[in-house]
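The values are calculated or read from the model by the stated rules, or taken from the named source; none is laboratory data. What you see is a predicted model; the values in this text were computed from it and never measured. Here the Cβ positions follow ideal geometry from the backbone for every residue, glycine too, while neighbour counts run over all protein chains shown.
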Amino acid sequence: MEIRDPVNGFVHLSEAEKSIINSTPFQRLRNIKQLGMGHYVYPGSVHTRLEHSLGTLYIGSQIYDVLAGKHGKYLGRILPISRENDIERFKNTLRFALLLHDVGHAPFSHSSEDLSPKGISHEEMGARVIKAKLEDLFKQTNISRAGIKIDDVVYLIYPEMATETPEEAQIFNLLSSIISGEIDADRIDYLTRDSHHTGVIYGKFDYMRLIDTITFIPYIGETLDGHENFDLVPEIPEPRIGLEYGGIHTVEGLLLARYYMFTQVYFHHIRRIYDLILTDFLKCSLPEGRYPLDVDEYLKYDDAAIQTMIRECSERGSKDEKFFAQKLLYREHPRRVFEEREQLLNFEKFKKEVKEALLSKFKDLNPSDIYVDSASKSAYKPTSDDFSIIKEEISENLDRYWDVKKAWQLKEKSNKKIFNVTECSELLNLLRRVGVEILRVYAKVSKKDVLRAEEVCKEVYDRLREEEERGGLNG
Amino acid sequence: MDRYAFLLSIISKLREVDSWAGNTHIQKTGEMVQSATGIRMYKYVMHHYGPYSFDLKDDLDLLVSRGFVGREPDEAAGYHYSLTSKGRGFLEQAELDKSEEDVRVIETIEKIGNLFGKSPTVVLELISTVDYYLNKFGTGEEEKVVETVRRIKPHFSEEVIRKALKIWKEKVT
């Protein structure tokens, strides 16, 4: 079976994968938009977690094939692989995990993630969903005969939920970093896909070249000093995912794409305010003010169910439900009145004090019409990257260097073949310094009052900033 | 002690002992100090190469962007973190009103920093992984700890893993 994907072309699937795709928990992803409330700004961004899951499967499989193609002949020397057919089993297990990595997402993806039951992550919820709802599918002959275990798939998505640590845990940890790591299938797919559907072309980069240059790095740590303290030296290097030297420009492209997509799409001020209004609506309309922990109950919620709740509550809901539902239905959001590119350490204190200051200045303002937002609360925030780059001639003959002493020689200054990414690109170092610590305040004030509101926010911001620099974080 | 003072104290100690003071050093020291004192500043999960806290990483990035912590790329691998004068001022202020628990946490940071601050990342990853599973399985399950760590880190021999367990138990707990 194959599915035509607008970003990657044809995605080929096995019968076993098809049965997962046809399952109710996976089909639910068809009703969860990838960018949550993003379509309020970019009308084209109505693509779903289902497409993203298929795309991640495609990209992750390509990464696996590149690694197996480069190092397959000697994988048994660098990893604890004992049987020939293990390589196929690992690939199939990875493919199931790639498909299912987002199966625990809340409606509207990250937009309403703050209301997850007991604050658990979507990865943990996904592991719970797989264990509770897909066990019978994993018992099917075509899946079990291939040696694929449900517990291994769960381990790849959220290791804490696996019944036990698999025998080949090191390999599974490597596979898991293909799904979500420094250079991973999830990120490659969401950047290219979100760029495609929003029409924001900054998100595009040469991901095919990037995938082609992914390799293993013999990791032995950053320095030899200090080993003598306890004599805890590894027998052989640890394999980690890195990049060949020729991939530097593509990784620059990826990180630039991530930066632009963050500022233009993921943290767009209008998109974010609708995330916050949606969260407020759900806080007052969901039982207990958050999604239920029970898997069956949780799975009843998708975008369609929430959309119906919004429509119904706008007419027949409580006062609060009506208030937020109508904002969502009629696209009535408060104005952005303040934005700073430097975060405060005590966000909660700023939130409290800026609300008080605005309410005291603008007597008609309702507390529910003020929102304070921080980029560090965003699921997509860019973080600093740290991975290694290796020269092609070593990557192509890695087995010759799979030895602690030889791996150290590759880091010696005189004949250096392994680098940290920070050494290879001035552009990346520059990008790292730019940062995206955005802090925003929204308030329902008239156009003519925006400047006055901004002054109020700025006064609070400057005061707290000064306090913080003196070391005062109390309150 | 708030989370920022906790992180700044760790970085300050790591620099004092001339540690590499990179991401892994801060992450794993944080985990070990939490484990040894029982405080819960950050949630840790088992990640690709050992226990890891996403919240700690966010706070560290924030302290860097706000100028309390400096982050210099090393010419060979990763970063070195250090306190800026603003960070030192913040820590001095925080130290003025220490509680009894703060004193205990700071003493443990001193101890862990002195013991492991100079160790390379692979050693820190090994010891904190051993510690993580000791907490998860309980002290009576040492064989299970060794077996699990061996599965995650087969590049270390069983003998080295047992030695790491012994070091942790004898020197810290």
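Worth a mention:
- Set side by side, the residues A:GLU315, A:GLU353 differ, and just one is under 29 Å from A:GLU459 (Cα atoms), of a type in the set (Asp, Glu) and out of contact with any Leu (no Cβ under 6 Å at 6 or more places or on another chain), which is A:GLU353.
- Check on A:THR215, touching a Phe, Trp or Tyr at 6+ places or on another chain (Cβ under 6 Å) and modelled with pLDDT of 95 or more: no
- Pair list, Cβ under 8 Å, 6 or more apart: segment A:314-338 residue in contact (Cβ under 8 Å) with a residue 60 or more places away in the chain, other residue assigned to a loop (DSSP other than H, G, I, E, B) and surrounded by 17 or more Cβ atoms within 10 Å (Cβ to Cβ): A:PRO334/A:LYS444; A:PRO334/A:VAL445; A:ARG335/A:LYS444; A:ARG335/A:VAL445; A:VAL337/A:VAL445
- Residues in segment A:281-303 that are part of a helix (DSSP H, G or I) and under 23 Å from the mean Cα position of the chain (by Cα): A:LEU282, A:VAL295, A:TYR298, A:LEU299, A:ASP303.
- Considering residues of segment B:13-32 that are within 11 Å of another protein chain (Cβ to nearest Cβ) and not in a loop (DSSP other than H, G, I, E, B) only, the residue surrounded by the most Cβ atoms within 10 Å (Cβ to Cβ): B:HIS25
- Residue that is modelled with the highest pLDDT [pool: residues in segment B:52-75 that are within 19 Å of the chain's Cα centre (by Cα) and facing chain A (nearest Cβ under 7 Å)]: B:LYS57
- Top-ranked residue of segment B:130-148 - restricted to ones that are assigned to a helix (DSSP H, G or I) and more than 13 Å from chain A (Cβ to nearest Cβ), ranked as farthest from B:HIS48 (Cα to Cα): B:GLY140
- Residue count, segment B:33-49 (criterion: in a strand (DSSP E or B) and either in contact (Cβ under 8 Å) with a residue 40 or more places away in the chain or more than 14 Å from chain A (Cβ to nearest Cβ) (or both)): 1
- Figure legend. Inter-residue proximity from segment A:430-454: first residues part of a helix (DSSP H, G or I), second residues small (Gly, Ala, Ser) and modelled with pLDDT under 95, beta-carbon distance below 7 Å, spacing 6+ or different chains. Indicated pairs: A:ARG432/A:SER384.
- The one condition in (1) within 14 Å of chain B (Cβ to nearest Cβ); (2) of a type in the set (A, V, I, L, M, F, W, C); (3) under 15 Å from A:ILE148 (Cβ atoms) that A:LEU57 fails to fulfil: (1)
- Summed over segment A:375-396, residues that are surrounded by fewer than 21 Cβ atoms within 10 Å (Cβ to Cβ) and at pLDDT 90 or above total 5.
- Looking only at segment B:76-129, and only at residues there that are β-branched (Val, Ile, Thr), part of a helix (DSSP H, G or I) and more than 10 Å from chain A (Cβ to nearest Cβ), the one that is farthest from the chain's Cα centre (by Cα): B:VAL103
- For segment B:120-160, a residue qualifies if it is of a type in the set (A, V, I, L, M, F, W, C) and crowded, with 22+ Cβ neighbours inside 10 Å, and the qualifying residues are B:VAL122, B:VAL123, B:LEU124, B:LEU126, B:ILE127, B:VAL130, B:VAL145, B:VAL149, B:ILE152, B:PHE156.
- Inter-residue pairs, beta-carbon under 7 Å, first within 14 Å of chain B (Cβ to nearest Cβ) and closer than 18 Å to A:LEU94 by Cα and in segment A:60-84, second among the charged types (D, E, K, R) and surrounded by 12 or more Cβ atoms within 10 Å (Cβ to Cβ), 6+ apart: A:PRO80/A:GLU168
- Of the helices (runs of 4 or more DSSP H) that lie entirely inside segment A:116-183, those containing 2 or more residues that are under 20 Å from B:TYR133 (Cα atoms) and under 19 Å from the mean Cα position of the chain (by Cα) span A:150-157, A:169-179.
- For A:TYR207, the stated conditions do not hold, so it cannot be described as under 29 Å from B:ALA21 (Cβ atoms), crowded, with 19+ Cβ neighbours inside 10 Å and among the hydroxyl-bearing types (Ser, Thr, Tyr).
- Of all residues in segment A:405-422, those that are buried (at least 18 other Cβ atoms within 10 Å of the Cβ) and in a helix (DSSP H, G or I) total 3.
- Residue ID - farthest from A:CYS284 (Cα to Cα), chosen from residues in segment A:324-343 that are part of a helix (DSSP H, G or I) and not aliphatic (A, V, I, L, M): A:TYR330
- Pair list, Cβ < 6 Å and 6+ apart or interchain, from segment B:50-67 residues that are within 15 Å of A:ALA375 (Cβ to Cβ) to residues that are part of a strand (DSSP E or B) and modelled with pLDDT under 90: B:VAL64/B:ARG71
- Any hit, segment B:3-12, residues being among the charged types (D, E, K, R), assigned to a helix (DSSP H, G or I), on the phi < 0 side of the Ramachandran plot and surrounded by fewer than 24 Cβ atoms within 10 Å (Cβ to Cβ): yes
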